Ligand SMILES: [Zn+2]
């Protein structure tokens with residue numbers, strides 16, 4: 001997509017059901033009437049969200065999105081794609097499927113998520129790479145959008161920020177040369193006063209993990225679609241700064257191999 005000019009982008013999902021053809025037709029008309037030149041096709045979104053869906057479920061969404069992409073492109077409207085989740089926004093009563101051996105995110109008080117995996121979880125990363133590969137291969141979007149669930153805070157019902165699962169505790173202890181339990185580490189982390197060793201290790205870990213994940217997602221997309229841009233939604237940037245987000249490194253990772261640096265800001 002040409003990012004040297006302004007685009008009017010419609011962000012919408014088309015559910016795989018008996019109304020899909022009517023919806024696609026209506027969206028094409030709507031775009032022509034209201035001057036949208038790009039449609040961000042979304043799937044498994046909001047009220048229709050079923051957690052980390054299987055590849056078989058994903059294929060049902062892809063079938064309808066492919067149909068929509070073809071109809072839109074025929075009218076000169078470009079197509080980007082947004083899966084709505086990476087790790088996931090919040091549990092909202094959902095659970096990992098029985099065959100998903102994902103390590104859940106854990107808050108500083110020891111509560112584990114039921115539907116949000118830790119970004120260090122190798123099983124989730126392998127699943128997500130397969131999922132994104134198929135999505136991009138089939139849709140060949142101009143842009144692959146990462147949603148604002150790409151974060152270590154605000155994953156209700158987990159409290160506070162950061163992950164304190166066993167994988168993360170091992171990472172913090174490795175950086176510090178210690179063998180803290182979660183409780184011991186959190187107590188040090190939350191000590192008032194200047195940044196101590198523990199807080200520094202936590203901040204460094206947050207940066208490394210999230211930039212590493214951005215790099216992996218971008219490489220996954222680029223492997224099947226070398227010309228697709230990888231973009232991100234950055235709502236609440238001041239909160240992301242609190243978890244030590246490294247903005248230049250993040251956008252360098254996402255725009256690797258000649259991509260654009262694209263930030264979808266959160267207007268509210
Ligand atoms: Zn973790």
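Note: relative contact order over the stretch 151-233, using C-alpha pairs below 8 Å and six or more positions apart, is 20 percent. Report summary: the helix-based calculation at 222 nm, which adds -39500 (n - 2.57) for every DSSP H run with n ≥ 4 and divides by the residues of the chain, gives -14000 deg cm²/dmol. For the stretch 1-113, the antiparallel share of DSSP beta bridges with both residues in that region comes to about 10%.
If you take every DSSP beta bridge fully contained in the chain, what fraction is antiparallel? Give it as a percent rounded to 5. Antiparallel bridges: around 15 percent, rounded to the nearest 5.
Centroid-to-centroid, using Cα positions, the stretch 14-51 and the stretch 90-131 are 28 Å apart. Between rounded, prolate and oblate, where does the stretch 219-268 land on the alpha carbon gyration tensor, with a ≥ b ≥ c its root eigenvalues, rounded for a/c under 1.5, else prolate if a/b exceeds b/c? Since a/c reaches 1.5 and a/b is larger than b/c, the shape of the stretch 219-268 is classed as prolate. Beyond 15 Å, what share of the Cα-Cα pairs of the stretch 89-146 remains, rounded to the nearest whole percent? For the stretch 89-146, the share of Cα pairs beyond 15 Å comes to 59 percent. Here the average projected area of the convex hull drawn through the C-alpha atoms of the chain stands at 15.0 nm². Relative to the longest principal axis of the Cα atoms of the chain, the long axis of helix 166-176 lies at roughly 60 degrees. Taking the 0 to 90 degree range and rounding to the nearest ten, how far is the long axis of helix 197-224 tilted relative to the main principal axis of the chain, both from C-alpha atoms? Tilt of helix 197-224: around 30 degrees. Rounded to the nearest 10 degrees, the angle from helix 55-74 to the longest Cα principal axis of the chain is 40 degrees. Every Cα-Cα pair in the stretch 73-226 was counted, and those over 23 Å apart are 43% of them.
Evaluating kT/(6 pi eta Rh) at 20 °C and 1.002 mPa s, with the Kirkwood radius of the stretch 1-147 over Cα pairs in the Stokes-Einstein relation, gives 131 µm² s⁻¹. From least to most packed, judged by other beta carbons within 10 angstrom and beginning with the fewest, 133, 234, 181 follow the order 181, 133, 234.
The stretch between residue 256 and residue 73 holds 63.3 nm of extra length on full extension. This uses 0.36 nm per residue minus the Cα-Cα distance. Taken along its principal axes, the alpha carbon cloud of the stretch 18-99 reaches lengths of 43, 22, 19 Å, longest axis first.
No lab work stands behind these numbers, since they all come straight from the coordinates. Remember, it's a predicted structure, so these values are computed and weren't measured experimentally. All Cβ positions, glycine included, derive from the backbone under ideal geometry; neighbour counts span all protein chains shown.
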